[in-house]
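Encoded as structure tokens, the structure appears first; notes follow it.
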Amino acid sequence: MPRTGSTRSRWTALVRSAITLLGAALAAVACVRPCVADGPVLQTYVVEGDAIPLSLTGNPGDPGRGRALVLDRSSTCILCHSGPFEEVRFQGDLAPSLAGTGSRWSMSQLRLRLVDASRFNPQTIMPSYYRVDGLASVGANLRGKPILAAEQIEDIVAFLATLRE
């Protein structure tokens, strides 16, 4: 058994630390997007400027399903945003109105805003609906899982693009 403070004990500690760091590095490399345990496989995407140019699913979204998602309080859109939704009695006032969204941003720009709104404002209260890494204050049961599936993102993008006025 090496004595405390001996050269051998210092080398043993150094080797153990190096092995631990190597293991962590290998785990990080193996866990490049997508890295979701027990959750849906995230689609890869490329950010170009202020947009994600390609659909997350390879298919266009359905505006009807997107409208239903925006108005469903469980998706949280209508809790913060308002818009041209006369049938919804209580709408949010914490965030900008969704009216005219399709005139202000392209579908590619809307997609990035939904995937990761913090790219535009690090202090935003809007959740990153499809990003799972580098987030703070995420409940243990939700870690590694996006709030919305890729198909839902595309449906909401398709709907928001229709809001031209």
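The values are calculated or read from the model by the stated rules, or taken from the named source; none is laboratory data. As the structure is a computational prediction, the values presented were derived from the model and not from experiment. Here the Cβ positions follow ideal geometry from the backbone for every residue, glycine too, while neighbour counts run over all protein chains shown.
Kindly indicate which of A99, A161, A136 is exposed (fewer than 14 other Cβ atoms within 10 Å of the Cβ) and either part of a loop (DSSP other than H, G, I, E, B) or in contact (Cβ under 8 Å) with a residue 40 or more places away in the chain (or both). Don't jump to the end; show me each part of the working.
Values: A99 fails: exposed (fewer than 14 other Cβ atoms within 10 Å of the Cβ); A161 fails: exposed (fewer than 14 other Cβ atoms within 10 Å of the Cβ).
None of the other options fit; the residue is A136.
Is it the case that some residue within the range 76-84 is out of contact with any Pro (no Cβ under 8 Å at 6 or more places or on another chain) and closer than 19 Å to A149 by Cα?
Step one: of the range 76-84, the residues out of contact with any Pro (no Cβ under 8 Å at 6 or more places or on another chain) are 77-80, 82-84.
Remaining after also requiring closer than 19 Å to A149 by Cα: 77-78.
Yes, the range 76-84 contains a residue that is out of contact with any Pro (no Cβ under 8 Å at 6 or more places or on another chain) and closer than 19 Å to A149 by Cα.
Please enumerate the residues belonging to the range 70-111 that are polar (S, T, N, Q) and on the phi < 0 side of the Ramachandran plot. Walk me through it before giving the result.
As a first pass, look at the range 70-111 and keep what is polar (S, T, N, Q): 74-76, 82, 91, 97, 101, 103, 106, 108-109.
Across the range 70-111, the qualifying residues are S74, S75, S82, Q91, S97, T101, S103, S106, S108, Q109.
Being buried (at least 18 other Cβ atoms within 10 Å of the Cβ), within 20 Å of A51 (Cα to Cα) and touching a residue at least 60 places away in the same chain (Cβ under 8 Å) is true for just one of A150, A117. Which residue is that?
Numbers: A117 fails: touching a residue at least 60 places away in the same chain (Cβ under 8 Å).
That would be A150, the only listed residue that is buried (at least 18 other Cβ atoms within 10 Å of the Cβ), within 20 Å of A51 (Cα to Cα) and touching a residue at least 60 places away in the same chain (Cβ under 8 Å).
So that you can scan it fast, the table gives a plain yes or no per residue for (1) surrounded by 14 or more Cβ atoms within 10 Å (Cβ to Cβ); (2) without any contact (Cβ under 8 Å) to a residue 40 or more places away in the chain; (3) in contact with a Ser or Thr (Cβ under 9 Å, 6 or more places away or on another chain):
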position: I52; (1), (2), (3): yes, no, yes
position: D62; (1), (2), (3): yes, no, no
position: V70; (1), (2), (3): yes, no, no
position: S74; (1), (2), (3): no, yes, no
position: R89; (1), (2), (3): no, yes, no
position: D93; (1), (2), (3): no, yes, yes
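For S74, state whether it is hydroxyl-bearing (S, T, Y), over 25 Å from G134 (Cα atoms) and modelled with pLDDT of 60 or more.
Working: hydroxyl-bearing (S, T, Y): yes; over 25 Å from G134 (Cα atoms): no; modelled with pLDDT of 60 or more: yes.
Judged against the criteria, S74 is not a match.
If we keep just the residues of the range 120-133 that are farther than 27 Å from G64 by Cβ and not polar (S, T, N, Q), which is surrounded by the fewest Cβ atoms within 10 Å (Cβ to Cβ)? Write out each step before concluding.
Taking the range 120-133 first, the residues farther than 27 Å from G64 by Cβ are 120-125, 132-133.
Restricting the remaining residues to those that are not polar (S, T, N, Q) gives 120, 122, 125, 132-133.
Details: F120: 12, P122: 7, I125: 9, V132: 19, D133: 15.
Across the range 120-133, the extreme among qualifying residues is P122.
Hey, H81 hits all of (1) touching a residue at least 40 places away in the same chain (Cβ under 8 Å); (2) crowded, with 18+ Cβ neighbours inside 10 Å but one; which does it fall short on?
Against the list (1) touching a residue at least 40 places away in the same chain (Cβ under 8 Å); (2) crowded, with 18+ Cβ neighbours inside 10 Å, H81 comes up short only on (1).
Just one of A95, A117, A140, A99 is within 14 Å of L163 (Cα to Cα) and out of contact with any strand residue (DSSP E or B) (no Cβ under 6 Å at 6 or more places or on another chain); which is it?
Working: A95 fails: within 14 Å of L163 (Cα to Cα); A117 fails: within 14 Å of L163 (Cα to Cα); A140 fails: within 14 Å of L163 (Cα to Cα).
After ruling out the rest, the residue left standing is A99.
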